[in-house]
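Reading through the structure tokens given below for one structure.
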């Protein structure tokens with residue numbers, strides 16, 4: 001287990017049919033969102049991210065690895081999907097996180 005803190009980031013879509021019914025404007029925002037999270041991966045802040053398919057709809061999952069809890073608030077505030085109002089995000093601290101050696 002690393003000394004960093006881990007958080008589950010749950011991106012909630014604006015409606016159950018999303019993303020299959022995205023407008024062009026929403027699609028552009030979601031492209032920016034993906035680019036933003038790619039940058040978090042590149043910097044080692046995001047451990048993993050991507051869409052999750054459930055019978056009730058799709059939502060986004062991210063796992064963040066940070067030094068301080070306030071970093072998570074800045075990440076959420078900077079997320080283009082949240083900033084634009086296209087989606088909302090819930091953030092939940094993980095009690096513990098066990099990482100495979102290749103990503104420690």
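What follows draws every value from the coordinates through simple rules; no lab data is involved. Being a predicted model, the structure only gives us computed values, none of them experimental. Counting neighbours? That spans all protein chains shown, and the Cβs are built from the backbone with ideal geometry, glycine included.
Calculate how steeply helix 69-78 sits against the longest principal axis of the alpha-carbon atoms of the chain, using the helix alpha-carbon long axis, and give the answer as 0 to 90 degrees to the nearest 10.
It is inclined by approximately 20 degrees.
Residue 61 to residue 28: FRET efficiency via 1/(1 + (r/R0)^6), r the Cβ-Cβ distance, R0 22 Å, to the nearest 0.05? Could you put the intermediate results ahead of the total?
Numbers: r = 22 Å, r/R0 = 0.99.
Given R0 = 22 Å and the Cβ-Cβ separation, E is 0.50.
Which residue fluctuates the most in the chain, going by a Gaussian network model with Cα springs under 10 Å, if the choices are 27, 53, 69?
For the chain, modelled as a Gaussian network with Cα springs under 10 Å, the answer is 53.
Once the Cβ-Cβ distance between residue 68 and residue 42 is put in as r, and R0 is 25 Å, what FRET efficiency do you end up with, to the nearest 0.05? Mind dumping the intermediate values first?
On the way: r = 20 Å, r/R0 = 0.80.
Calculated value: 0.80.
Taking the chain as a Gaussian network, where each spring joins two C-alpha atoms under 10 Å apart, which residue of 80, 51, 13 fluctuates the most?
With Cα springs under 10 Å in the chain, the top fluctuation among 80, 51, 13 is at 51.
Would you order 30, 22 from fewest to most other beta-carbon atoms within 10 Å of each residue's own beta-carbon?
Numbers: 30 22, 22 16.
Going from sparsest to densest Cβ surroundings: 22, 30.
Taking only Cα atoms, what is the 0 to 90° angle, nearest 10, from helix 24-42's long axis to the longest principal axis of the chain?
10
Starting with the fewest neighbours, write out 23, 58 ranked by other beta-carbon atoms found within 10 Å of each beta-carbon.
Details: 23 9, 58 15.
Final ranking by Cβ density, sparse to dense: 23, 58.
Quote the convex hull volume per residue of the chain, based on C-alpha atoms, as a whole number of Å³. Could the numbers behind the result be given before it?
On the way: hull volume 10.6 nm³, N = 104.
About 102 Å³ per residue, rounded to a whole number.
Suppose the chain between residue 5 and residue 96 were pulled fully straight at 0.36 nm per residue; how much longer would it get relative to their current alpha carbon spacing?
Details: separation 91, 0.36 × 91 = 32.76 nm, distance 0.81 nm.
In short, 31.9 nm is gained.
Take residue 12 and residue 53, extend 7 Å from each Cα along the Cα→Cβ direction, and tell me the distance between the two endpoints in nm.
2.4
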